[in-house]
Every structure is written in C-alpha cells, then in structure tokens.
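Worksheet: one structure, shown below.
The values are calculated or read from the model by the stated rules, or taken from the named source; none is laboratory data. What you see is a predicted model, and the numbers here were worked out from it, not measured in a lab. Cβ placement follows ideal geometry from the backbone for every residue including glycine, while neighbour counts extend to all protein chains displayed. Please note that ligands, DNA and RNA were not included when accessible areas were found on the heavy atoms of the full protein model with its side chains. Shrake-Rupley method; radii C 1.70, N 1.55, O 1.52, S 1.80 Å.
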Protein chains: 2
Amino acid sequence: MKKPAPNLAPRKPDYEKALRKAGIRVTRPRKVILNILRETEDHPDALEIFRRAEQVDKSISLSTVYRTMKLLEEMGAIHRHAFEGGPSRFEQAGGDHHDHLIDIETGDVIEFRSDRIEQLQQEIARQLGYDIVHHRLELYGRRRRAE
Amino acid sequence: MKKPAPNLAPRKPDYEKALRKAGIRVTRPRKVILNILRETEDHPDALEIFRRAEQVDKSISLSTVYRTMKLLEEMGAIHRHAFEGGPSRFEQAGGDHHDHLIDIETGDVIEFRSDRIEQLQQEIARQLGYDIVHHRLELYGRRRRAE
DNA sequence: AATGCAATTGCAAATCGTTTGCAACTAAGA
DNA sequence: TCTTAGTTGCAAACGATTTGCAATTGCATT
Ligand SMILES: [Mn+2]
Ligand SMILES: [Mn+2]
Ligand SMILES: [Zn+2]
Ligand SMILES: [Zn+2]
C-alpha cells in the first residue's frame, strides 16, 4: 500500500529529476549543492553555498559551485541577483515572482510583491514600444526609527 | 495617466565651481573628463570616457578616469549604473530622477519616469518599516515587432 | 559486472572591471 | 617664487568568476 506524500509544505522542486530529464548527469557534487538549495530560505552567494557544501563533502570545489550555479540558472531552476556592492546571490526559482528590499545597514533581504508595480512596468514598456523580458527592482533602505 | 514629459535632460551644472567649493583641485585631467560628462547625452562606461578623453589629452590614464568617476559619484555629481552583464555606466546627476529600460538586443538605454511607481515603492517600504535611501528599477526588453 | 567514453571534476591559471602603492608631478595658497 | 599636500601615470594587486587541462566518474552499452 503506497502512501501519498503529504504536500503541505512549500513546494520543493525535484531538481534531480529535472536534471535527468534534461540529460544532465546527476553527480555527487551536484546532489550536495542541490540539497543545499532545496533547503535554504535565504539568498546565499557562491562562497556561502560552497561553505555549506564542504560540510557535507570535503572534496567539493568552489569552481564546481560556480559551474553548477550557472547551469541551474540556464535551466531556470534558480535566480541570480546582483545586489549592489556584493557578489551574486542565489535563490531557487519556482516560487511566485517578487522583488527585494535590502537593508543597507544589516544586509538583510526582504521580499515583496506589488502587482500594481508589475502592471505599471508593463504599461510603460508597451508605451515605449517594448516587451519586457525581465526586470530588476531593488529598494535600498534603512529601518525607520520608531519615535 | 502619466502624460507630461518630465525634464529628463540634465542641465549643464558647473562642476569646476563645485569642485573648488569642495576644496578639490581642478586639474587638467579632471577638466577634460568633466567636459566630456557635461556634453554627453548617453550612459558611457569608464573605458568609453577614457577613449573620448584621450582625443583631447593623450596623457590621461584609465586609472584617473576611474578615480574621477568615483570622486564625482561621492560628490553626487554623477550617477553610476550597474546594468546587467556590463561594466558600470555613468551619467551626470542634476536632471530629474528616472529609471531605465535596456534594449537587450542593441544595448540601447531608454529613460522613463513613473511617479506612480515611485510612490508605490514608498508605500511598500513604509509598510515594511523602512525608509528608501535609493532604488534601482531596470526593465530589460526587446522592441515589439510591428507586423 | 566489466567496458567505453563523453561529461564532469579539482586545481591552477586566466579573465574582467576596478582599485591601489608609489615615486614623480602640479595646483594653488602664502 | 616657494611650499607642500593633492593628484597623476604606471604597474601590480584585487575580488568575483571563468576556463584549460588531465584525471575521474556517471551511465549507457555490452
Ligand atoms: Mn528572493
Ligand atoms: Mn539615465
Ligand atoms: Zn518585479
Ligand atoms: Zn525610480
């Protein structure tokens, strides 16, 4: 008797299945990196992913992390963010689209979504004779002092 | 409706006066670079500014261009844009605030302004408990094919 | 299970845009 | 003119990322 997997938690896409489907080998380093990405809730950079990967498999190299990130990005499995001043940071794709507010003091990244803004962007591009392929909206701010 | 065309074209501020006022020396290389920035209508990168500067003064170095750009940025005289995939590009400050649409095929940069979006950003940040210090809105698109 | 081979790896070296150390030069006030 | 701190050009250093290459490995094939 097979038990249907409970599907309550936020969606955790099966990257390995996607890789195989794309004819890409599922190697040990990729498994490790994939697991890290599946579990993480934040926006780690390549070095941070590398550090977490090391703890699982001492032999993984930073090059492979970079190569894997690029591969996953091209597959559409992750998004790359080039926030001001720092290295690229990643997050798994698959969730709803959102933009980011970066706390310039702590570096914290807060996600938000505004359908109004998304729609206005569309209208602006259209008026200029363009179709938007993708966009980038980042708010850099500091916590408002409670007074 | 956003109709009235904003004054996106910057005036021609007197940078040299501003520099002297800030106790910064007005040297030959700086004069050359400043003139280029005052005249340009586009968003050149450091290398492009260097090339244009060379034509006026053969002895100028790329380092000095970079140093000058950083100086002017810190003074608030120019804005630096880190569009996707390329080196930083600059434009003189002083015009009205605007954001950019980048033609992903030609690299063209089109300026636009949406007070509605600006205001929505404010509201979003406020709701999240933040004050916006600055932001970045870039639309990447391709020209809609007229058929 | 053993074979064959292209895909993938770790490593080091290379790349790119940008910054920096330093000795020579120079703007600008006295 | 003198003085000196600010500025320069040059080359080397930089940080993030990419790449060449020989060794290794996934996996389709026997
Ligand atoms: Mn996010
Ligand atoms: Mn502009
Ligand atoms: Zn968005
Ligand atoms: Zn704006």
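Listing for the model above:
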| read-out | value |
| --- | --- |
| Computed helical MRE - 222 nm, chain A, DSSP H runs ≥ 4 contributing -39500 (n - 2.57), nearest 500 | -11500 deg cm²/dmol |
| Solvent-accessible area buried by B and A, counting both chains, probe 1.4 angstrom, square angstrom | 3500 |
| Label point 7 Å beyond Cα along the C-beta direction, distances from A:ALA22 to other copies (nm, shortest first) | 4.5 |
| Three principal axis lengths of the protein assembly as shown [C-alpha, angstrom, descending] | 82, 58, 49 |
| Within the accessible area of chain A (1.4 Å probe), percent carbon and sulfur | 48 |
| Distant alpha-carbon pairs in region B:91-147 (separation over 16 angstrom), percent | 56 |
| Normalised alpha carbon radius of gyration of chain B [divisor 2.2 N^0.38 Å] | 1.19 |
| Exceeding the 21 Å Cα-Cα cut-off - candidates A:LYS21/A:LYS58; A:LYS17/A:LYS58; A:LYS21/A:LYS70 | A:LYS21/A:LYS58; A:LYS17/A:LYS58 |
| A:LYS70 - accessible surface, heavy atoms, 1.4 Å probe, Å² rounded to 10 | 110 |
| For chain A, accessible area per residue (1.4 Å probe, heavy atoms of protein chains only), Å² | 65 |
